Amino acid sequence: MWLTPLRIEYNSRVNRLLGIETEYGLYVEGRGVADQILESVNLLRCCPFPAVKGCWDYRLEDPRRDMRGFRVEQLAVDPNDAQIDREHPISLSERETRSDHVLSNGARLYNDHAHPEYATPECRRLMDLIAHDKAGERILLACAQAYHQQSGALVKLYKNNTDYHGSSYGAHESYLLQRAVDFDTLASTMTPFLATRMIYAGAGKVGVEVNPTPRAPYQISQRADFYMDTMNVETLYRRPIFNTRDEPHARMRDFRRLHVICGDANMSEYAAALKVGATALVLNLLEDGWAADLFLVDPVKTAHSISRDPDGKWLVETNHGTLSAIDVQRRYLQAAQARYAGRDAETEWVLREWETVLNLLETEPEQLSDRLDWVAKRQLLTLFAESEGVPLDDPAMIALDLAYHDIDPAEGLYYALVEQGRMQTLVSPETVEYAMRNPPADTRAAIRGLCVQRYAAQVESLNWERIILHDEGQSVRLDLSQLTGDISDLNRRLTTVHTITEFVHLLQSPRRAGKTNEEESP
């Protein structure tokens, strides 16, 4: 079936800061596991885009701080990774290993333990976020092509979550929300939602890598295999469904950042937008005082069983008895519909598509092959498996599974479907091209992007919350943590200044500070 690509570029917003951080699978011809960290660093060194390099400021980061009011002594490390590090040490400093780049679009590009990672700039509009997520693919592809030209080796990047040898890497989401939301209510409401949203957000996967009983030729989620706990602060090992990291990258007294690490990396723009949009609406509900009054008996076991259910019944045990994952999702959808129907165009899109997808999952899931990654991929793999007379989990199918996630439009199976008009898209190629070099116009990312574009030589350090510039012989600290609302007007005025001194003065002026206090919160 041929489809006209869908373009949605609304002048509305989901009304909170959002971000996606994606670690990419990397293959360099002739290199092995022991070479992965160095190869990731080498690829990033070939980045052909303007950037401030090696200046990321880690002093405000504390990944061991837990929302429950304590700090863990240390974070768990995957034993396999630790063994590789011991047996194959590298001679790079920590700064060289990180290979941090801050790009002119306000994004961060760096090495995260053998995986090139792209973190989008902060966005307030859902379609801005999708454009910047896709821009990350294009930027990483340009890095891979540049590294190929330099090394002569074949270089491939995959937007997925597993190496099919028992290791997983993340596609994290970040949502700023009000700290006034009670932690217990936040955790209890979000856990059933996050454990079941894979029915539309999963990327699909051949076979089972971890605890292979029961056997499943095909799963709807790549990440579900690696859930080990319901709740904790970990990200590298013992990964939870609900992550409790308390690192808001904003005013601590006012905000939390929900750090979602249980999701799959989506090639489909539609699936990514529905995943983030629905999650943002559930956070709206929580901020408005709603709670789900729904608990899963065993969230980790539930997630594993949903992902591996060959019949698509997706039954889960709750405090209200046995429900389907679709019914669980409908509880959240109906609450959002009751409160937010008619609010704005992006919200209307999320509510409409959320309902449509749940209905089709219940009746005709194959009709979603133009929207959901796991359905599209399963159709492709099933057709090939039947033609070759092999099962879906035959080892030969792994190569095809990976090919779906190849970010090269000339090679990837997902992009073949787009080219054939068989996948719905949401943002235009021109919008993605623009996002590769330009930040969102209405968030603090625009300030970071302007510093890279105009004042790169004066940047001493920067991160999500602050920028330190060298101006007139002294260091000047610019605090971005208070800029959580729509700052389009400030960003427009910043583009009109002619010197770094004027730039700093405008950001630090009393008039600007007064305006900040009047801005809406996310």
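Read-outs throughout are calculated quantities, based only on the coordinates presented, and are distinct from any laboratory measurement. Just so you know, these numbers come straight off a predicted model, no measurement behind them. As a convention, Cβ positions derive from the backbone with ideal geometry for all residues, glycine included, and neighbour counts pool all protein chains shown.
Please identify every one of the GluC sites (Glu not before Pro) in region 23-74 that sits in a loop by DSSP and has no more than 12 other beta carbons within 10 Å of its own beta carbon.
In loop regions of region 23-74 (DSSP not H, G, I, E or B), the sparsely surrounded GluC sites (Glu not before Pro) are E29, E73.
Can you grab the distance from the C-alpha centre of region 439-482 to the C-alpha centre of region 134-201, Å, no decimals?
Between the Cα centre of region 439-482 and that of region 134-201, the gap is 26 Å.
Could you rank the peptides 169-176, 427-434, 116-123, 74-81 by their average count of other C-beta atoms within 10 Å per residue, with the highest value first?
The most tightly packed comes first, giving 116-123, 169-176, 427-434, 74-81.
Would you please classify the overall shape of region 347-449 from the alpha carbon gyration tensor, given that a ≥ b ≥ c denote the square roots of the eigenvalues, rounded means a/c under 1.5, and beyond that prolate means a/b larger than b/c while oblate covers the rest?
Verdict is oblate for region 347-449.
Which whole-number percent is the relative contact order of the chain (Cα, under 8 Å, 6+ apart)?
21
By average Cβ neighbour count within 10 Å, what is the ranking of 391-398, 351-358, 264-271 from highest down?
Peptide ranking by packing, descending: 264-271, 351-358, 391-398.
Taking the structure as given and computing Rg/Rh (Cα atoms, Kirkwood Rh), which label from (i) 0.95; (ii) 1.11; (iii) 1.37 fits?
Read-out taken from this structure: (i).
Packing-wise, with mean Cβ within 10 Å as the measure, how do 204-217, 372-385, 308-321, 441-454 rank, highest first? Could the numbers behind the result be given before it?
Details: 204-217: 17.4, 372-385: 21.5, 308-321: 14.6, 441-454: 23.2.
Peptide ranking by packing, descending: 441-454, 372-385, 204-217, 308-321.
Please state the shape class of region 32-108: rounded when a/c is under 1.5, otherwise prolate if a/b exceeds b/c and oblate if not, all from the C-alpha gyration tensor.
Note, shape of region 32-108 comes out oblate.
Considering the dipole of region 105-198 built from charges on the beta carbon (Lys and Arg +1, Asp and Glu -1) around the Cα centre, which of Y147, F193, T162 is farthest to its positive end?
The residue sitting farthest along the positive end of the dipole is Y147.
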